[in-house]
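Just so you know, all these numbers are worked out from the coordinates, no wet-lab data involved. What you are looking at is a predicted structure, and each value in this text was computed from that prediction instead of being measured. Please note: Cβ atoms are built from the backbone with ideal geometry, for glycine as well, and neighbour counts cover all protein chains shown.
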């Protein structure tokens, strides 16, 4: 028993950061240069408030469409697809801007994306004026096409 302490090595070493070892964090090297910060000034801006209104009203819209009793018309499927897709894209864009990822995505041509948004607004305005024209004809597309 007297020789036991002389045979034990008590060397210490720094732990090796091997990503493959049991319990190691393999993503530590990938996330070393990533910092996530919320842009609280964005939340108080008018675009953010409008996006939040879009997210809430879009969620309500596709929830109401999904709970509609009449599914006989095939247009409900298209409206549901558009509503859910745009709701997801708006939510994703809100999160990208909120956490500042758009400044890290330099490969996205943001000016072209702005023109895409302008084109979308133009399509929306065109659809609105088409709706007003349709309402002006009492909702009947064939009312003005007959012989006078």
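A few remarks follow.
- Reduced Cα scattering model of segment 38-99, Debye log10 I(q)/I(0), q = 0.30 Å⁻¹: -1.20
- If the convex hull is drawn through the Cα atoms of segment 40-139, its volume per residue in Å³: 131
- Averaged over residues, the count of other Cβ atoms within 10 Å places the peptides 120-131, 88-99, 58-69 in the sequence 88-99, 58-69, 120-131, highest first.
- Length gained when the stretch residue 59-residue 88 is fully extended (0.36 nm per residue, less Cα-Cα span): 9.5 nm
- Residues in segment 92-109 that a label on residue 38 would reach, taking backbone N under 15 Å of a point 7 Å out along Cα→Cβ: 94-101
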